[in-house]
1. Could you work out which residue, out of PRO305, PRO123, PRO253, moves most in a Gaussian network model of the chain, that is, has the largest mean-square fluctuation with Cα springs under 10 Å?
2. Students often check this: by mean Cβ neighbours within 10 Å, which of 70-77, 106-113 ranks highest, and how do the rest follow?
3. Take peptides 85-93, 196-204 and line them up by average Cβ neighbours within 10 Å, highest first, as a rough protection proxy.
4. Please identify the helices of the chain, taking whole runs of DSSP H, that span at least 18 Å along their own axis as judged from the Cα atoms and have a mean Kyte-Doolittle score of -0.5 or higher.
5. For the chain, with only Lys/Arg (+1) and Asp/Glu (-1) charged at the beta-carbon, what is the dipole magnitude about the Cα centre, in debye rounded to 20?
6. With unit charges on the beta carbons (Lys and Arg positive, Asp and Glu negative) and the dipole taken about the Cα centre of segment 1-144, which residue among LEU100, ALA77, TRP140 sits farthest to the positive side?
7. Quick check on segment 1-144: of the DSSP beta bridges with both residues there, what percent are antiparallel, nearest 5%?
8. Where both partners of a DSSP beta bridge lie in the chain, what percent of those bridges are antiparallel, to the nearest 5?
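All of the numbers you see were taken from the coordinates with simple rules; none came from a lab. Source: prediction; values computed, not measured. Backbone-built Cβ (ideal geometry, glycine too); neighbour counts: all protein chains shown.
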Amino acid sequence: MSSSSLRHIVARVDAGQPPHALRDQLTALLERADGVEVELVHVVEPIAWYARPLVPDADELERARAEFWQRRLDEFAATLQRPGVTTRGHVVSGRPTAELVRIARQTHCDLLMLESPPPSAGPTPPRDLQILREAPAPVWLARPVALPIRRVLAAVDPRPRPDDLDLLHLAPPIDPVRENLVRAILDRAVHVASQLQAELHVVHSWLAPGEEMLRGESFLSAEQVRDYVEAAGAARRLAFDRALAEAGLVLPPERVHFVKGPAEDVILERIETLGIGLAVLGTVARGGLGALLGGTAEAVLAQAPCSILAVKPEDSSPSSSNPSTA
């Protein structure tokens, strides 16, 4: 079974957000699925210990809330039922993020899905950001988009290898974690696009390190700077083509986007001009006060009108010993 296959999906159903986008996109994902288990989860936060004396029949109230949500989940599960798909609804008590991540780990799920508001509704909720950081599996943020999803965009950042063309010897050593992440993004995007019967597009943005600084140096001619920028672009293109080839991916030229510019600007521009319904991004979880997801992923997440599928390097959850950074 491919590492990109979907066999076990955990989907969060919240009280505050009717799961319209989640329902529609999960339904589309399951249309051609076979042998998939779906766990619908709603977390009921218990009444705080200090408030219980003020709430008459607190235990009965919590029991009634759980029964109400179990009925709702059972109804939701029934709408997803189809040959080859098993659906279950679970109501659990506890802290929402911690319980959702616990269930995802316990079930070894392949995908975690949740309803997420569009950027126009305000910043991404902190709870969603925390799940993105801590989840042990790729996370699908289902945002309102036109259906069916006709185009999927995979954004990758393969780096040149030291033996690639490198005039200033700026190519970093090979980073297996980054290379594995590029492959994971492509594998996941191929599988999801196939399930949705959508066009797959792949984008890679690049910049020549130090280009602006070099253009201001009097000892370099315009031709020398141009040669350096062209060589940097050639090395990036070589890395990009190699990543596609290693993933066994052959796409028409119009679906392969090699664009010079800042990553977040390029990705957001392609999402808009191509009418992308789902963007597949690589994220890097870091603990402490550092960036939660990496600069590019955070910028795209904050502005993209489409749904997001966030893929992390293996063993990059906070429980791992040394998360990678990007």
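1. Of the options given, PRO253 has the highest mean-square fluctuation.
2. 106-113, 70-77
3. Most protected by this proxy first, the peptides run 196-204, 85-93.
4. Sorted by number, the helices that extend far enough and score high enough are 176-196, 222-246.
5. Once rounded to the nearest 20, the dipole reads 520 debye.
6. Checked the options; the winner is TRP140.
7. 5
8. Working: 4 of 44 bridges.
For the chain, the DSSP antiparallel bridge percentage is about 10.
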